[in-house]
Ligand SMILES: *Cc1c(COP(=O)(O)O)cnc(C)c1O
């Protein structure tokens, strides 16, 4: 017994070690509460802040009709779907919403998922196996990386938006006897705010008979005709992933695809099968947002106009905004501690913008990531630009 006693070490030593390492590297993160007051303002403790880090690009999470629809469906069906989709969790409103989503995307069918992370992390392994090859943009969202790694497929990452590099990799992979080839990308990249070339990706997938998988999370509601995103109504895009926690102001996700692929996922995707269906209130909110989004052209125009103003201001001060051409505007500082410093400075000025550090972005590209909303006023944007300029003046 005494011997057993002696070899007992702290079994959570690895936890303390990992935390200490992150603290040393200025990479330790924590979830700090923020209490929203409206679509763009809120409170952190007793400090009022204008939020420039939310993905509520159109303010729909606070829209009276979206809220009313969530309440109405909760009153009618209760707070939970109370079962998974294949048991009794498919309510009529799930089915109706999927039909409307398919039509909106110009695809045969659509299937709801409980989150974008869950969709990417579980659809990709359902489509790939250990003898497949998957080629993905180096900057794709972590949920896609998780899915690709879990699949056991050979993973090839191409340089960001470098389709020549992708083509070289496709050339190398073709004729190697892989069971199938899949290309995965985002339409708008979440950390750089730039876009991929969807029609060029379609051409490449057709040339190599690959499957094209596009995550439209940051374009849905914000870009494309009627805000339908950048991957909708594009023949040749095999699977489109959309999420509802961003411009739709709700929660959850969907895939739009052929009827056969939908039927396959219903039968072969554990992330669809073994989980409780989205609750009625969430379905109500998504449905109302889907109805509202086409009517919000003026809001989208305002959003893109303000994003362009912010980009120009940041560039004039000499900072890189990467290839941003969307409502996501990065200000690349480079150094992690500097990025934190700018974020803290903005907070003292009543402005909330989180520092994004490795491993979320590549080392040496720590940044502030501004996410604009159509609900930001001109004065709020001016205040942000002025505060950045003052910080720059002090730093240089
Ligand atoms: C936010 C995001 C996700 C995750 O979606 P959730 O519904 O928040 O889990 C997936 N892909 C991309 C590109 C995203 O930006």
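For the stretch 82-153, what is Rg from Cα atoms divided by 2.2 N^0.38 Å, rounded to two decimals? The partial results should precede the final answer.
On the way: Rg = 14.6 Å, N = 72, 2.2 N^0.38 = 11.2 Å.
In units of the 2.2 N^0.38 Å rule of thumb, it is 1.31.
Roughly how many Å is it from the Cα centre of the stretch 316-339 to that of the stretch 9-39, as a whole number?
Each part's Cα centre sits 24 Å from the other's.
Between 291, 99, 308, where does the largest GNM mean-square fluctuation fall for the chain, given springs only between Cα atoms within less than 10 Å?
Highest fluctuation among the options: 291.
Rounded to whole Å, give me the distance from the Cα center of the stretch 196-214 to that of the stretch 48-123.
Cα centroid of the stretch 196-214 versus Cα centroid of the stretch 48-123: 28 Å apart.
Rounded to the nearest 5, what % of DSSP beta bridges with both residues in the chain are antiparallel?
Numbers: 26 of 45 bridges.
Antiparallel bridges make up about 60 percent of those DSSP assigns within the chain.
How high is the relative contact order of the stretch 107-188, in percent, counting Cα pairs under 8 Å that sit 6 or more residues apart? Before the final figure, lay out each step's value.
Values: 115 pairs, mean separation 28.6, N = 82.
Relative contact order, the stretch 107-188: 35 percent.
Is the C-alpha gyration tensor of the stretch 188-326 telling us rounded, prolate or oblate? Criteria: a/c under 1.5 is rounded; beyond that, a/b larger than b/c is prolate, otherwise oblate. Walk me through the numbers on the way to the answer.
Numbers: a/c = 2.14, a/b = 1.36, b/c = 1.58.
It is oblate, given that a/c is not under 1.5 and a/b is not larger than b/c.
Compare 12, 305, 189 in a GNM of the chain, Cα atoms joined below 10 Å, and give the one with the largest fluctuation.
Result: 12 has the largest fluctuation of those listed.
Let me have the 222 nm mean residue ellipticity of the chain computed from DSSP H runs of 4+ only, each contributing -39500 (n - 2.57), with the sum over all residues rounded to the nearest 500. Can you show the working numbers first?
Details: 14 runs with 168 residues, N = 396.
Helices in the chain give a 222 nm mean residue ellipticity of -13000 deg cm²/dmol.
Taking square-rooted eigenvalues a ≥ b ≥ c of the alpha carbon gyration tensor, is the stretch 10-72 rounded, prolate or oblate, where a/c under 1.5 means rounded and, failing that, a/b exceeding b/c means prolate? Walk me through the numbers on the way to the answer.
Numbers: a/c = 3.44, a/b = 2.34, b/c = 1.47.
Prolate, since a/c reaches 1.5 and a/b exceeds b/c.
Please compute the contact order of the stretch 212-351 in relative form: average sequence separation of alpha-carbon pairs under 8 Å and at least six residues apart, divided by the residue count, as a percent.
Working: 148 pairs, mean separation 23.3, N = 140.
Rounded, it is 17 percent for the stretch 212-351.
Can you give the relative contact order of the chain as a percent, counting alpha carbon pairs under 8 Å and 6+ residues apart?
Relative contact order here is 22 percent.
Within a 10 angstrom radius of the beta carbon, how do 262, 180 rank from fewest other beta carbons to most?
Working: 262 22, 180 15.
Least to most surrounded, the residues fall as 180, 262.
Grab the Cα-Cα distance for residue 29 and residue 8, subtract it from 0.36 nm times how many residues apart they are, and report the gain in nm with one decimal.
Numbers: separation 21, 0.36 × 21 = 7.56 nm, distance 3.01 nm.
In short, 4.6 nm is gained.
Viscosity 0.890 mPa s, temperature 25 °C: what is the translational diffusion coefficient of the chain from Stokes-Einstein with a Kirkwood Rh over Cα pairs, rounded to a whole number of µm²/s? If you can, show how the numbers build up before the last one.
Details: Rh = 22.5 Å.
Estimated diffusion coefficient is 109 µm²/s.
Starting from the Cα gyration tensor of the stretch 63-120, take the square roots of the eigenvalues, sort them a ≥ b ≥ c, and report rounded, prolate or oblate (rounded when a/c is under 1.5, otherwise prolate if a/b is larger than b/c, else oblate). Spell out each step's value before the answer.
On the way: a/c = 1.67, a/b = 1.22, b/c = 1.36.
Judged from the Cα gyration tensor, the stretch 63-120 comes out oblate (a/c at least 1.5, b/c at or above a/b).
Can you pull the Kirkwood radius for the stretch 238-396, inverse mean 1/r over Cα pairs, to one decimal in Å? List each step's numbers first, then the result.
Numbers: mean 1/r = 0.0545 Å⁻¹.
Taking every pair of different Cα atoms in the stretch 238-396, averaging 1/r and inverting gives 18.3 Å.
What is the distance in Å between the Cα centres of the stretch 301-315 and the stretch 153-191?
32
Read the figures in this text as sums done on the coordinates, not as results from a lab. Since we're looking at a predicted model, the values are computed, not measured. Don't worry about glycine lacking a Cβ; one is built from the backbone with ideal geometry, like all the others, and counts go over all protein chains shown.
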